[in-house]
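Peer 1: The structure's right below; bear with me while I get my questions together.
Values in this text are rule-based calculations from the coordinates and carry no lab data. Fair warning: this is a prediction, and the values are worked out from it, not measured in the lab. In this analysis, Cβ positions are derived from the backbone assuming ideal geometry, glycine residues included, and neighbour counts consider all displayed protein chains.
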Amino acid sequence: MTQLTTSTGPAFSRIVALGTARGENVVSNDEIAGPIDSSDEWIRQRTGIVSRVRANPETTVIDLAERASREAIERAGIDASEIDTVILSTITYPHITPGGAPVLADRLGASPAAAWDISAACAGYCYAIGQADALVRSGQSKYVLVVGAEKMSDWIDPTDRSISFLLGDGAGAVIIGASQTPAIGPTIWGSEGSGAELIRQTSSWTEIREDESLAFPTLVQEGQSVFKWASFKLAPVAREAIEKAGLTPADIDAFIPHQANMRIIDQMVRQIGLPDSVVIARDIADSGNTSAASIPLATERLYRDGQVKAGDVALQIGFGAGLVYAAQVVVLP
Amino acid sequence: MAYTETEVLAGLADIVAEETGLDAAEVQLEKSFTDDLDIDSLSMMTIVTLAEERFDVRIPDEDVKNLVTVGDAVSYITKL
């Protein structure tokens, strides 16, 4: 009888290195308040955002992804040719096909790495970390490049009061490889498709093709419903990620949630029951909501501000359009 | 179990006080959440969620906009 050989891998994986890229321009609340009949004070009070960072018109989402990836590869001390898997999480790559990941892999010199995009919106980075962890531990992949990259500013309506004013551009990349010790906890993830309309593209491409009066699509959200879902329904997911990693909230050094809204972050901290000793990532104040890029960007900010160091234990949770969510505990590189 | 109007008002007053820092005594039936108590849309969702937990009821998101005054909320919850 013919018997197949299957791959086997190391017991553990880890984040080897992190790289980031931010948009070139700081955009203040005053610059965007006019078209939404708002003010700096209103935006700060509702969102905690003081300014957001957006990219130049000519900068593409792949440009941002490439910058972040090159920094991660350099810090990992590996050659791009050692990367055998590239996962790009983005909702702002302006092609239905081909995906952006093969293009990114080629630019980096990582071809013929397996390369694909995932569409899990603001949960995409944590979804991709979960995939990469499984791929490394199964022996399927040696080094996985995970990138969350977004050019949200291509998909905004300056007159939209629901989400556009929150959004910024950037990318975060990590290399996932084998580890001698446990460094990525189980990913707790899921979806609630019944809430698919809560954060959405205004019109589908086929609707736009058939109705010339429809504008180029942008993003919109039902802000109050999203606030309620994220603030109150996801705490059990975060707590389960801690528990499945064999830890308690007191073991967590840093909480790095998707940077959607400061009010959501504050409420999540309360609902999860994190002790005061936990450092809370609040990069949204200066970066805005960068979707799949927000968790790695917020992580970089914590390093830069001296709030975390290599070896610290971080709880990260992504959540967004789908609805989708994912959380895991990781050891920071 | 069903709650009386007095019980719901007292519970709501506690929740509003906790969320906003207002004195619970200011939470009266005729007060508007927005105009009198200066509660914004996100704080309102927090209050509604905490009220759902406290009174074991479900208040659909689309109904929240109809809860203009404290009395509207008390009436809504007692009739569920």
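Peer 1: Give me the mean projected area, in nm² to one decimal, of the convex hull enclosing the Cα positions of the stretch B:5-79. Can you show the working numbers first?
Peer 2: On the way: hull surface 16.7 nm².
Convex hull of Cα atoms, orientation-averaged projection: 4.2 nm².
Peer 1: Expressed in nm to one decimal, what extension gain is obtained for the pair A:GLU240 and A:ALA11 from 0.36 nm per residue of sequence separation less their Cα-Cα distance?
Peer 2: On the way: separation 229, 0.36 × 229 = 82.44 nm, distance 2.14 nm.
Taking A:GLU240 through A:ALA11 to full extension adds about 80.3 nm, to one decimal.
Peer 1: Explain nothing, just compute: Karplus ³J(HN,Hα) = 6.51 cos²θ - 1.76 cosθ + 1.60, θ = phi - 60°, for every residue of the stretch A:10-18 in order, whole Hz, x for Gly and Pro.
Peer 2: The phi angles translate into x, 5, 9, 10, 8, 7, 7, 7, 10 Hz.
Peer 1: Please give the calculated 222 nm ellipticity per residue for chain A, where each DSSP H segment of at least 4 residues contributes -39500 (n - 2.57) and the sum is spread over every residue; nearest 500 deg cm²/dmol?
Peer 2: Values: 11 runs with 101 residues, N = 333.
Mean residue ellipticity, 222 nm, calculated: -8500 deg cm²/dmol.
Peer 1: Apply the Karplus parameterisation 6.51 cos²θ - 1.76 cosθ + 1.60, with θ equal to phi minus 60°, to every residue of the stretch A:27-36 and state each ³J(HN,Hα) to the nearest whole Hz, in sequence, with x for glycine and proline.
Peer 2: 10, 7, 4, 4, 5, 10, 6, x, x, 10
Peer 1: What's the magnitude of the charge dipole for the stretch A:274-329 around its Cα centre, counting Lys and Arg as +1 and Asp and Glu as -1 at the beta-carbon? Answer in Debye, nearest 20.
Peer 2: Values: 4 positive and 6 negative charges, 14 e Å.
In total the dipole reaches around 60 debye.
Peer 1: Another question about this same structure. From the residues A:ILE156, A:SER213, A:ALA72, which one has its Cα farthest along the dipole of chain A in the positive direction, the dipole being from +1 and -1 charges on Cβ of Lys/Arg and Asp/Glu about the Cα centre?
Peer 2: Of the candidates, A:ALA72 comes out farthest on the positive side.
Peer 1: Right, another one. DSSP H helices in chain A with Cα extent of 20 Å or more along the helix axis and mean Kyte-Doolittle hydropathy at least 0.0? All intermediate terms of the calculation are to be shown ahead of the outcome.
Peer 2: Details: long enough: A:61-76 (22 Å, -0.26); A:124-138 (21 Å, 0.31).
Span-like helices in chain A: A:124-138.
Peer 1: Sticking with this structure for a sec: Based on DSSP, what percent of beta bridges with both residues in the stretch A:188-331 are antiparallel, to the nearest 5?
Peer 2: Numbers: 15 of 21 bridges.
Beta bridges within the stretch A:188-331, antiparallel portion: roughly 70 percent.
Peer 1: Going by how many other Cβ atoms sit within 10 Å of their own, how do A:PHE232, A:PHE165 line up, fewest first? Intermediate values should be presented prior to the final figure.
Peer 2: Details: A:PHE232 20, A:PHE165 26.
Going from least to most buried by this count: A:PHE232, A:PHE165.
Peer 1: Follow-up question, since we're still on this one. Could you tally the net charge around A:ILE32, taking each other residue with its Cβ under 15 Å from the Cβ of A:ILE32, Lys/Arg +1 and Asp/Glu -1?
Peer 2: Values: positive: A:ARG44, A:ARG46, A:ARG52, A:ARG54, A:ARG161; negative: A:ASP30, A:GLU31, A:ASP37, A:ASP40, A:GLU41, A:ASP157, A:ASP160, A:ASP169, A:ASP286.
Taking every Cβ under 15 Å from that of A:ILE32, the sum is -4.
Peer 1: Between A:PHE216 and B:ASP61, how high is the FRET efficiency from 1/(1 + (r/R0)^6) when r is the Cβ-Cβ distance and R₀ = 30 Å? Nearest 0.05. Could you put the intermediate results ahead of the total?
Peer 2: Details: r = 28 Å, r/R0 = 0.95.
FRET efficiency, A:PHE216 to B:ASP61: 0.60.
Peer 1: Dipole of chain B (Lys/Arg Cβ +1, Asp/Glu Cβ -1, origin at the Cα centre): which of B:THR78, B:GLN28, B:ILE47 lies farthest to the positive side?
Peer 2: B:THR78
Peer 1: Here is a further query. Please get the size of the charge dipole for chain B, origin at its Cα centre, with Cβ charges of +1 on Lys and Arg and -1 on Asp and Glu, quoted in debye to the nearest 20. Walk me through the numbers on the way to the answer.
Peer 2: Numbers: 5 positive and 19 negative charges, 53 e Å.
Taking the Cα centre of chain B as origin, the dipole is about 260 debye.
Peer 1: Pull up the cross-link candidates among the aspartates and glutamates for A:LYS142, meaning alpha carbon to alpha carbon under 14 Å and not fewer than 8 places away within one chain.
Peer 2: Here the aspartates and glutamates satisfying the reach criterion relative to A:LYS142 are A:ASP79, A:GLU82, A:ASP84, A:ASP133.
Peer 1: So what is the relative contact order for chain B, in percent, with contacts set as C-alpha pairs under 8 Å and at least six apart? Let's see the in-between values first.
Peer 2: Numbers: 81 pairs, mean separation 32.4, N = 80.
Rounded, it is 40 percent for chain B.
Peer 1: Moving to a separate point now. Per residue, what volume in Å³ does the Cα convex hull of the protein assembly as shown take up?
Peer 2: Normalising the Cα hull of the protein assembly as shown by residue number yields 186 Å³.
Peer 1: Let's see if you can work this out: charge +1 on each Lys and Arg Cβ, -1 on each Asp and Glu Cβ, no other charges. What is the dipole magnitude of the stretch A:1-115 about its Cα centre, in debye to the nearest 20? Walk me through the numbers before you get to the answer.
Peer 2: On the way: 10 positive and 15 negative charges, 69 e Å.
In total the dipole reaches around 340 debye.
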